[in-house]
Amino acid sequence: MIRMLTPVTDEDGAPFWEYAAQGELRVQSCADCGELRFPPRPCCPHCQSFASEWRLMSGRGRIWSYVFPH
């Protein structure tokens, strides 16, 4: 039997899953310096701003790594 894993959501990452349920790929970005934040977190690691927004991504990219959960 194959069981699907459900994501563990927190306040910072919940919007990611809400957008994903709508078929959108959005990534949190800093509203001050513009750097992307993934995984989502409350403070920007680049400029230490707490301002954030969710940018719509194209869905195109390169896979650098992956894992098989078990």
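The values are calculated or read from the model by the stated rules, or taken from the named source; none is laboratory data. Quick caveat: nothing in here was measured; it's all calculated off a predicted structure. Counting neighbours? That spans all protein chains shown, and the Cβs are built from the backbone with ideal geometry, glycine included.
Within segment 1-25, the set of residues being surrounded by 10 or more Cβ atoms within 10 Å (Cβ to Cβ) and in contact with a Pro (Cβ under 8 Å, 6 or more places away or on another chain) comprises Asp12, Gly13, Pro15, Phe16, Trp17. Screening Gly34 against (1) out of contact with any His (no Cβ under 8 Å at 6 or more places or on another chain); (2) free of Cβ contacts under 8 Å to residues at least 40 places away in the same chain; (3) at negative phi; (4) not hydrophobic (A, V, I, L, M, F, W, C) leaves a single unmet condition, (3). Looking across segment 1-37, the residues that are of a type outside the set (D, E, K, R) and part of a helix (DSSP H, G or I) come down to Ala14, Pro15, Phe16, Trp17, Tyr19, Ala20, Ala21.
Just give me the residues in segment 42-56 being part of a strand (DSSP E or B), under 17 Å from Asp10 (Cα atoms) and out of contact with any helix residue (DSSP H, G or I) (no Cβ under 7 Å at 6 or more places or on another chain), in sequence order. Can you show your working first?
Narrowing segment 42-56 to residues part of a strand (DSSP E or B): 52-56.
Imposing the further condition that a residue be under 17 Å from Asp10 (Cα atoms) reduces the set to 52-54.
The answer is Ser52, Glu53.
Per the conditions (1) surrounded by 10 or more Cβ atoms within 10 Å (Cβ to Cβ); (2) modelled with pLDDT of 90 or more, the sole criterion not satisfied by Phe38 is (2).
Candidates Glu53, Glu18, Glu24, Glu11: the one that is among the acidic types (Asp, Glu) and in contact with a Ser or Thr (Cβ under 8 Å, 6 or more places away or on another chain) is Glu53.
For segment 50-70, enumerate the residues that are of a type in the set (S, T, N, Q) and loosely packed, with under 10 Cβ neighbours inside 10 Å. Before the answer, list the steps.
Step one: of segment 50-70, the residues of a type in the set (S, T, N, Q) are 52, 58, 65.
Passing the criteria: Ser58, Ser65.
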